[in-house]
Amino acid sequence: MSVEKGNLESKVVERDFYARSEEEQQDFLSQTWCNQCMEVDLGMKNPKEFESSERLWIEGECVNCGAQVVTEIVYEDE
Ligand SMILES: [Zn+2]
């Protein structure tokens, strides 16, 4: 496999959100921030998970208003 450097912007891959455990799915679907409602944990629907070389995130729609909600997943080294 070769990775082209300098063209990272276009390297966004859709992952399978539903491959995650039930628990994780619930967490990500409930722990949200909506820019439109300015409120946390309203929840999201129609989640899609994406990955680029540097980021991992989930996009969905706010359950309350339907605006796009993005949750960035950060893995911390321990
Ligand atoms: Zn909202």
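Every number in this text was worked out from the coordinates using simple rules, so none of it is lab data. Being a predicted model, the structure only gives us computed values, none of them experimental. Cβ coordinates were reconstructed from backbone atoms using ideal geometry, including for glycine residues, and neighbour counts include every protein chain displayed.
Near residue 33, within a Cβ-to-Cβ distance under 12 Å, what is the net charge of the other residues, with Lys and Arg +1 and Asp and Glu -1?
Details: positive: none; negative: 39, 41, 72.
Around residue 33, the surrounding residues sum to -3.
Would you tally the net charge around residue 51, using a Cβ to Cβ cut-off of less than 12 Å, leaving residue 51 out, and scoring K and R as +1, D and E as -1?
Taking every other residue near residue 51 into account, the sum is -2.
Just from its helices, what would the mean residue ellipticity at 222 nm be for the chain, if runs of 4 or more DSSP H residues each count -39500 (n - 2.57) and the sum is divided by every residue, rounded to the nearest 500 deg cm²/dmol? It would help to have the intermediate numbers written out before the result.
Values: 1 runs with 9 residues, N = 78.
Value at 222 nm, helices only: -3500 deg cm²/dmol.
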Task: Within the chain, longest stretch free of exposed trypsin sites (Lys or Arg not before Pro) [DSSP loop, at most 13 other beta carbons within 10 Å] - done: 12-54
